[in-house]
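Notes follow the structure.
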Amino acid sequence: MCSSDLDGGLALFSTPLGVSGKLWDAFNSVLYKTLQLPSGVNRYLSESHLEKQKQSMSALSFETEYMAQFMDIQNNFFSLPSIQGACRDYDLAIVKEPGKIYSLGIDWGRTRDSSVLTVVSREPSGLLKLEYVKALQGVPFPEQLSHVRYLNNHFKFSRIVSEYAGLGIGPSDSLIAEGFPVLKFTPTVDEKLKAYDHLKLKLETRELTLPAGELKLLTELKFFQFQVTPSGKITLHHPGGGSDDYADSFCFAVWAFKVSAYGPEAYARPRALRYR
């Protein structure tokens, strides 16, 4: 976009985000001439490269990064068809199946919020499945840690993604001290967006299976929203300040298999296993 007069000019170049903020205002101003160019017009980018990027990103990210589309300022983060397409009728159980690899996601809480433990499995084909969910409310941390040990005895987790902030720092450090394969997840805006975007991709590509009867989790996913701030930042939230304990724990468990996002130094106990 460019605005000019006899004294000079101003050009703005950026990837669009939300329908708000300075870029959006300039794009809709009569003072600027505008061009909206998707990456497909770039002769130096092959169709195969764009297709590869499309398969590795959520639809929302691809539309902004490569198709130059402005997003609505606020909307549901997950599409209802992607959630419904992942649902199957099956029961959750503490059962370890041969050939599967297991991860644990932990969203810590103690009084008002629940600590939620979510187990996700990965088949050799790469397909993911939610295997077990447990909410612990009003339970002292020593008892919560005992339940983590109990689950690990059954599933032998390859990785535990533990929320590392506030109340979660203490129990996370305890698990690390005991030698559990903990990945400390600091829930900054940017890190949560990366993790949730990965979860969104797995739902959209039908690489993830959910139990149709897990209504608390499904409700949180259906109403989970994103918002683009005037400064261009994307924030994630539950409408009305509602709980997202189940969604966060589930997101962490799925994120455990996104190893390429972190180097070995991010793990409390580096491991040789690598999964994509």
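Any read-out appearing in this document is the output of simple, stated calculations on the displayed coordinates, not a laboratory observation. Computed from a prediction, not measured in an experiment: that's the story for all the values here. A quick note on method: Cβ atoms are made from the backbone with ideal geometry, for glycine too, and the neighbour counts reach across all protein chains shown.
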**Asked** So how far apart, in nm, are the two label points at Phe223 and Leu35 if each is 7 Å from Cα heading toward Cβ?
**Response** 4.6 nm
**Request:** Any lysines with Cα under 19 Å of the Lys134 Cα? List them, leaving off those in the same chain fewer than 8 positions away.
**Result:** Lys96, Lys156, Lys216
**Asked** Among 170-176, 151-157, 93-99, how do they line up from the highest to the lowest mean number of other beta-carbon atoms within 10 Å?
**Response** 170-176, 151-157, 93-99
**Request:** Measure off 7 Å from each Cα along the Cα-to-Cβ vector at Lys194 and Ser146, then give the distance between these two points in nanometres to one decimal.
**Result:** 3.6 nm
**Message:** Can you tell me the length gained on complete extension of the stretch Ile94 to Lys216, counting 0.36 nm per residue apart and subtracting the Cα distance?
**Reply:** 42.0 nm
**Asked** Structure shown: which of Lys33/Lys222; Lys100/Lys184; Lys33/Lys192 lie over 30 Å apart, alpha-carbon to alpha-carbon?
**Response** Lys33/Lys222; Lys33/Lys192
